[in-house]
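What follows is one structure encoded as C-alpha cells, with my remarks underneath.
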Amino acid sequence: MDRLSKEQRQRYARHIALPNFGEKGQRKILESRVLCVGVGGLGSPVVLYLAGAGVGTLGIADSDVLELPNLQRQVVHSSGDVGKPKVETAKKRLRELNPDVTVETFHERVTAENVHNLVADYDVVVDGCDNPETRYVLNAACYSAKKPFVHGSIFRYEGRATTFTYDPGTPCYRCIYPSSPPPGFLPSGAEAGIASPVPGLIGMIQVAEVLKLLLGEGDLLVGRMVLYDMLAMTFREVRIAKDPGCSLCGKEAGAGLS
C-alpha cells in the first residue's frame, strides 16, 4: 500500500497524529494479518479494537455458538445473535465497524491437527481461549513457526497478560505452565463466574501488545506478566524466565504439541 485514501486518513487521523506511528505506521497496520483464537470474553474486545485500528486481515477461530449468558461480557455479539456461530456474528459486527478489514472465519476447534495451517498465514496470534489445552497447542505451533503469541487469561475478578516472541533466552507458555491441570481442577466460567470488566481490560492490553508488535515500537511484555486484580484495583508485574528444562523450548525439548 503506497498511500492512504482520503477516507482512510480521516478514519485513522488519531493514529496518524501519534509520534512513532504516522501514516507509515497505519499502512503497516492495514497490511498486517492477525489471528484471534476465540471470540468470547477476551476475543470480543480484541477483535473489535483491532478492527477499529485497521488491521487489514483478521482471522477469527471459534467452534461455539452464542448463548445468552455470553452477552454479559462478549461485547462483539448482540442479543439477536443467540444460537448463531460466534465467528459469523463477530464477522458481521466487524465489517460494520470497519469495511477496510477482511475477516476470515474458522468455525472449528483449534487442535494439533489443524493449528499449523491456521497460524501459518498470520503475523501475530492472539489468545482468546477459555481452556489451557488450546493454549498449549497454540504455543507449540507459534514456537515452531516463530509467530508472536499474545496471551491473556481471566478468572473471576482477576486477569493476566504476557507476550511470547520465542526469541533466544525468552520464555514460552510451557515455561510458565509446564503441564495442563487435571480435568476438573479449575472450575469453568459458568461455575466460578467472571466479572464483565476483566476480559475487556485484559483484552485491551493484548491489543496494545499486538499493535506494538506490528509497528515495531515500544517495550513488549516479553519475560514479563501483568497481573490485574479488579477488587483491589491493582496491577502487578512479575518477571517470567525461560525454563532450561522446558519440554518445548528447553535444551532437551521434543515433547511436541501435547
(Q) The conditions are (1) surrounded by 15 or more Cβ atoms within 10 Å (Cβ to Cβ); (2) under 15 Å from Gly38 (Cα atoms), and Asp81 fails exactly one of them. Which is it? (A) (2)
Q) What about Val110, is it assigned to a helix (DSSP H, G or I) and either within 14 Å of Ser63 (Cβ to Cβ) or out of contact with any helix residue (DSSP H, G or I) (no Cβ under 9 Å at 6 or more places or on another chain) (or both)? A) no
Q | Residue that is surrounded by the fewest Cβ atoms within 10 Å (Cβ to Cβ) [pool: residues in region 192-218 that are over 11 Å from the mean Cα position of the chain (by Cα), within 18 Å of Phe21 (Cα to Cα) and not aliphatic (A, V, I, L, M)] | A | Gly216
Q.
Among the listed residues Gly159, Gly128, Gly189, identify the single one that is crowded, with 17+ Cβ neighbours inside 10 Å, within 21 Å of Leu66 (Cα to Cα), modelled with pLDDT of 95 or more and of a type outside the set (S, T, N, Q).
A. Gly128
**Q.** Every residue from region 58-76 that is over 25 Å from Val137 (Cβ atoms) and in a loop (DSSP other than H, G, I, E, B)
**A.** Val75
(Q) Here is a check on your reading of the model: is Tyr122 within 15 Å of the chain's Cα centre (by Cα), closer than 30 Å to Arg9 by Cβ and of a type outside the set (A, V, I, L, M, F, W, C)? (A) yes
**Q.** Yes/no for Thr89 being of a type in the set (Ser, Thr, Tyr), assigned to a helix (DSSP H, G or I) and free of Cβ contacts under 8 Å to residues at least 60 places away in the same chain
**A.** yes
Q. For region 169-220, which helices (runs of 4 or more DSSP H) that fit wholly inside it have 2 or more residues that are without any contact (Cβ under 8 Å) to a residue 24 or more places away in the chain and within 26 Å of Asp123 (Cα to Cα)?
A. 197-215
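The values are calculated or read from the model by the stated rules, or taken from the named source; none is laboratory data. Computed from a predicted model, the values in this text were never measured in an experiment. Glycine gets a Cβ as well: all are built from the backbone with ideal geometry, and neighbour counts include every protein chain shown.
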